[in-house]
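Single-structure report; data block below.
The values are calculated or read from the model by the stated rules, or taken from the named source; none is laboratory data. Model, not experiment: these values are computed from the prediction. Virtual Cβ from ideal backbone geometry, glycine too; neighbours counted across all protein chains shown. Quick note on the areas: whole protein, heavy atoms, side chains included, nothing else; ligands and nucleic acids left out. Shrake-Rupley method; radii C 1.70, N 1.55, O 1.52, S 1.80 Å.
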Amino acid sequence: MANKTQNYILHLLGSLLFISIPILSSPDLDSKRELFELAPFRSNFLAYALLLVFFYFNYLYLIPRFYFTKKYRLFFLYLIICFAIVALLPNMLMVHNRGFVPNMTDMPMPPRMDEMPREFRGIHPSATTRFFFLPSMHGGSLLQFLLVFSLSFLLRTSQRLEYIQNEKLKTEVSYLRAQINPHFLFNTLNSLYALALEKSDAAPEAILKLSAMMRYVVTESGRDRVALENEINYIKNYISLQQLRMDGSTPLSFIVTGSTIGKTISPLLLIPFIENAFKYGLNPEENSAIDINIDIAEDTLEMRVKNNKVNTNLPPEETSGHGLTNTRQRLEFLYPEKHSLTIFDTNRHFEVQLKLTLV
């Protein structure tokens, strides 16, 4: 809404500035005569007004209706008609205006023969008059018409390109979410399967946590923003499910500091980094360790996820690294210039540091 209001104001100011050109550039501006009493000024002012009308007619109607739909013949036919109106109507009204009788004060006077350059002295006086009178067709000139057309065309096409790009990015984000969400579900189901094999008493609790996670994915993931508290609860449920299948020998630290009240975040934005730590940093037979810290300030969120690298038996489709790549793309789109992502990848450790401005 703010952008639309800003655009309206810019268009209004631009229109006022454009329509003031014939007034500010009039040679009679400093005289005591009323400008609109002068027929040449009225003609010039009308030409600028017609150019302004043509600008918005082309911007709002001709380009969307005919150019974007590839009706090029009709588009150029309308342009020719518009140019004829803009170029001829002001002078026709000046000549045929009732009560207007051309006089020497309203008409530009040709110079005397002895004042003219030598190369023009052989030209008939009537031709000289026409030569010096030609520039009086100010607003209706072809150059001005082409400039107004070019400006309206560039503005409209750039607006259309921006719209197409935004729609494309929204589609990409939806596709990235579709890639991420099923992966969480498959990992959680694997954890439940392990508990079922062990006939663990923790299975009912795990099912409740899985139910909460699925509800969050179904009801919240399609929104642009969700409550930060809900996103943190989703992470807590995920970590709890992972802990249920751990034997307790793996050092795990999960700390959340700060208040989530009144803060929002894009859904499922943090979990890929945490899921990645469990995927590549959890092996009971090796020196596994996972450290997760989330610090929430007034308008920022900082997350640090670190894990030891261990050997894992993962299928090829789960080792592609697309999860982090997709999340990086989402950050670029959803939080442009409002985040910093640093990844440290060594032979023994993998660490992610994310700083996010909550908007």
Specify the residue that is most open to solvent (accessible area, probe 1.4 Å); the eligible residues are those in segment 325-340 that are not in a helix (DSSP H, G or I) and not polar (S, T, N, Q). Glu337
Do we have any residue at all in segment 271-281 that's open to solvent by 40 Å² or more (accessible area, probe 1.4 Å) and at pLDDT below 80? no
Determine whether Asn311 is assigned to a helix (DSSP H, G or I) and open to solvent by 20 Å² or more (accessible area, probe 1.4 Å). no
Looking at the structure I just gave you, is Ile343 of a type in the set (A, V, I, L, M, F, W, C), open to solvent by less than 50 Å² (accessible area, probe 1.4 Å) and either modelled with pLDDT of 90 or more or within 30 Å of Ile261 (Cα to Cα) (or both)? no
Looking only at residues that are of a type outside the set (Val, Ile, Thr) and open to solvent by less than 50 Å² (accessible area, probe 1.4 Å) in segment 253-270, which one is nearest to the chain's Cα centre (by Cα)? Ser266
With the condition kept exactly as written, say whether any residue in segment 196-217 is closer than 25 Å to Leu324 by Cβ, among the hydroxyl-bearing types (Ser, Thr, Tyr) and modelled with pLDDT under 80. no
So in segment 234-252, with the set limited to residues that are assigned to a helix (DSSP H, G or I) and open to solvent by 60 Å² or more (accessible area, probe 1.4 Å), which one is farthest from Arg304 (Cα to Cα)? Gln243
Being part of a loop (DSSP other than H, G, I, E, B) and not polar (S, T, N, Q) is the filter; apply it to segment 32-76 and report the residue that is modelled with the highest pLDDT. Lys71
Subset tally (residues that are surrounded by 16 or more Cβ atoms within 10 Å (Cβ to Cβ) and among the aromatic types (Phe, Trp, Tyr)) for segment 49-90: 8
